[in-house]
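Trainee: I am attaching a structure below and will ask some questions about it afterwards.
The values are calculated or read from the model by the stated rules, or taken from the named source; none is laboratory data. Treat the numbers as computed from the prediction; the structure is a model and nothing was measured. All Cβ positions, even for glycine, are placed from backbone atoms using ideal geometry, and neighbour counts span all protein chains on display.
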Amino acid sequence: MQIESLKVFCDLTETESFTKAAQVNGVTQSAVSQQISSLERQFKSLLIERSKKKFRLTREGQVLYDYSKQIIGTYDALHSKLQEIKDIISGTIRVATIYSIGLHDLPPYVKRFLKSYPTVNIHVEYRRANQVYDDVVGNVVDLGLVAYPVKDPKIEVIPIKKDPMVLICHPQHPLAKSKIIKLKSLTGHKFIGFEPDIPTRKAIDRVLREHGIEIHHVMEFDNIETVKRAVEIDAGVAIVPMGTISQETSKQTLAAVPIDDDQMFRPLAAIHKKTKVLSPAMKQFISILKEEGK
């Protein structure tokens, strides 16, 4: 029996998906099934109740999972410690990020990190916010990058920075001439927003609601790039993170106006599973994220 088989079993248990367990371990679904069958033969026990529609471990499977997590945790800690002793910074870091952070905030961090540690491979996946949390908890990725981090007992949250929110509009829009605006100035203007389930949209709605401001959404999108394109054709105004519009403001395709409200900022954070044993490479990458955000 190899420790890799125990890891596959744990990943399968946590993701409840043969597809995801295969993805995490870089093998085929068939290989995952074969390794589970091999463990069942090894321990002469059924580990998964296959007759159930919902994934469920047997009593023996739960015991194997509990002990396997301890074994894998000890192995990972040993491997990490040996790398530290040898001063080795290498390996792969799997990152899941929401689109806006991945496109606008992450690249400078990655560039600085790879300049110092060129032997490390950073694999980035773009996901919706809820999927980032699922991937972190399910061990599909090592780190997640999110906005407005949510508290979860399974997740460690590492604050990175606070990105100011600004109003964007077409350069010829009446509000474009303002040096700073108050939220009440948005009343009556056509508004372009994110879809209701996106954390940034929820935060903006909460602030507007607290100020008693009602706005009329004429368009709603699931990503920052489409919101900006709609504003560029003067379909309405929007509130977006300042760090996402540097290219458009430099080309003067968009005008950005600061908002006179200290609640209008977007907190960014890195997240990882609390039980995750961080490799030296992961620790260094997190360190750069924290330093750059100061």
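Trainee: Taking the condition over 14 Å from residue 275 (Cα atoms), outside the structural domain of residue 234 (by TED's automatic domain parsing), in a helix (DSSP H, G or I) and within 17 Å of the chain's Cα centre (by Cα), does residue 145 pass?
Mentor: no
Trainee: Can you name the number of the only condition in (1) touching a helix residue (DSSP H, G or I) at 6+ places or on another chain (Cβ under 7 Å); (2) touching a residue at least 40 places away in the same chain (Cβ under 8 Å) that residue 127 fails?
Mentor: The single condition residue 127 does not satisfy is (2).
Trainee: Looking at (1) at pLDDT 95 or above; (2) surrounded by fewer than 19 Cβ atoms within 10 Å (Cβ to Cβ), find the lone condition where residue 205 falls short.
Mentor: With respect to (1) at pLDDT 95 or above; (2) surrounded by fewer than 19 Cβ atoms within 10 Å (Cβ to Cβ), residue 205 is out only on (1).
Trainee: In the stretch 198-209, which residues are over 20 Å from the mean Cα position of the chain (by Cα) and either touching a residue at least 40 places away in the same chain (Cβ under 8 Å) or not in a helix (DSSP H, G or I) (or both)? Steps first, please.
Mentor: Step one: of the stretch 198-209, the residues over 20 Å from the mean Cα position of the chain (by Cα) are 205-209.
Scanning the stretch 198-209 gives a single hit, 207.
Every residue, every condition in (1) exposed (fewer than 14 other Cβ atoms within 10 Å of the Cβ); (2) in contact with a Ser or Thr (Cβ under 6 Å, 6 or more places away or on another chain); (3) assigned by TED's automatic domain parsing to the domain that holds residue 281; (4) farther than 23 Å from residue 280 by Cα, yes or no:
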| residue | (1), (2), (3), (4) |
| --- | --- |
| 13 | no, no, no, yes |
| 18 | no, no, no, yes |
| 32 | no, no, no, yes |
| 35 | no, yes, no, yes |
| 41 | yes, no, no, yes |
| 57 | no, no, no, yes |
| 62 | yes, no, no, yes |
| 76 | no, no, no, no |
| 94 | no, no, yes, no |
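Trainee: Before we move on, is residue 24 in contact (Cβ under 8 Å) with a residue 40 or more places away in the chain and either among the basic types (Lys, Arg) or out of contact with any Lys or Arg (no Cβ under 7 Å at 6 or more places or on another chain) (or both)?
Mentor: It is true that residue 24 is in contact (Cβ under 8 Å) with a residue 40 or more places away in the chain and either among the basic types (Lys, Arg) or out of contact with any Lys or Arg (no Cβ under 7 Å at 6 or more places or on another chain) (or both).
Trainee: Restricting attention to the stretch 64-86, and to residues there that are of a type outside the set (Val, Ile, Thr) and free of Cβ contacts under 8 Å to residues at least 40 places away in the same chain, which single residue is farthest from residue 40 (Cα to Cα)?
Mentor: Once the filter is applied, the top-ranked residue is 86.
Trainee: Still on this structure: Out of 85, 89, I need the residue that is surrounded by 13 or more Cβ atoms within 10 Å (Cβ to Cβ) and either modelled with pLDDT under 90 or not basic (Lys, Arg) (or both). Which one?
Mentor: Among 85, 89, only 89 is surrounded by 13 or more Cβ atoms within 10 Å (Cβ to Cβ) and either modelled with pLDDT under 90 or not basic (Lys, Arg) (or both).
Trainee: Working carefully through the options 171, 118, find the one that is surrounded by fewer than 21 Cβ atoms within 10 Å (Cβ to Cβ), at pLDDT 95 or above and not in a helix (DSSP H, G or I).
Mentor: Just one listed residue meets the conditions, 171.
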